[in-house]
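Scroll down for the structure; my scribbles are underneath it.
Values in this text are rule-based calculations from the coordinates and carry no lab data. This is a predicted model, so every value here is computed, not measured. Heads up, the Cβs are rebuilt from the backbone with ideal geometry, glycines too, and the neighbour counts pull from every protein chain shown.
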Amino acid sequence: MDAAAAPTPESARLDPADASAVHEAVRGRYAHAAQTSLLAPTERASCCGPTSCCGSEPRGLGPEDPISRDLYAVAEAPSAGALAASLGCGNPTALAQMSPGEVVLDLGSGGGLDVLLSARRVAPGGTAYGLDMTPEMLALARRHQAEAGIDNAEFLLGTIEAVPLPEESVDVVISNCVINLTPDKDRVFAEAFRVLRAGGRLAVSDIVLLRPLPAQMAGLVALWTGCVAGALLDSDYVARLRAAGFEDAAVEVTRTYSTVDLAELAASLAPSELPDGVDVDSAVALLDGAFASAFVRAVKPA
């Protein structure tokens, strides 16, 4: 792994207003995860949890952690590699409405699983685009596309705050546990609105906060790149989508996390990844009931 992709120390704190620092921390973690998958397919990394790209080293299989496990049926996966490299907290392709001939865009497409599943659903005649800012992830996704033999998918390099597609060119925008990672969520919602056609749908799986995070946990790199510290309150998510112009915005909680789940997540962190004076038991108590996985939907007015 080159120096540019080296993960930011997890004990560090991020200023959410420093977009460049947040992008680099996230990019470094996901580059590290993708490189691990490319070099060692049996040791894939997950976005959040004990196999996390949030930790010092990716550990084990992503789909085995409490946030990522059991989101997809093995039989539906277009390739074993794409399933093993999934970094999500939900399955937006199972909940989003898609039809043959439509165009789908996945914001932060990672290893490509949701893009490839979407490409199947919009065939014949449709296209699924995956957008990711990490070249290593794009290389991984293209490998999975080749393994699956899917030709109506295309992977693009870019950020979700500046989508490299024209206005009103997409029917469905999906995303899986990525929007929480951006420091400029309003810009992401504006871009999704811009590229959607009239009547187009937003269908996002994401981590949402059910209450504000305790001050000592907010801003930690481990929690930001791990999908928690950057998450929006569920009510704020809806309000921001409405402000961007969307209608029928709603948040539906799809998975909550027990103290056992939280203990499993917290136990995967090194002591340096926790705030000063906070041990694993304290971290579990601070995070208990604070966040959940959710499906977020909205519609661009017809």
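How do T254, T134 rank when sorted from fewest to most other Cβ atoms within 10 Å of their own Cβ?
T254, T134
List D106, D184 from most exposed to least, where exposure is judged by having the fewest other Cβ atoms within 10 Å.
Taking fewest neighbouring Cβ atoms as first place, the list is D184, D106.
Taking the alpha-carbon centroid of each part, what is the distance from the range 180-194 to the range 97-141 in angstrom?
Each part's Cα centre sits 18 Å from the other's.
Let a ≥ b ≥ c be the square roots of the eigenvalues of the Cα gyration tensor of the range 116-178; is it rounded (a/c under 1.5), or, if not, prolate (a/b larger than b/c) or oblate?
Since a/c reaches 1.5 but b/c is at least a/b, the shape of the range 116-178 is classed as oblate.
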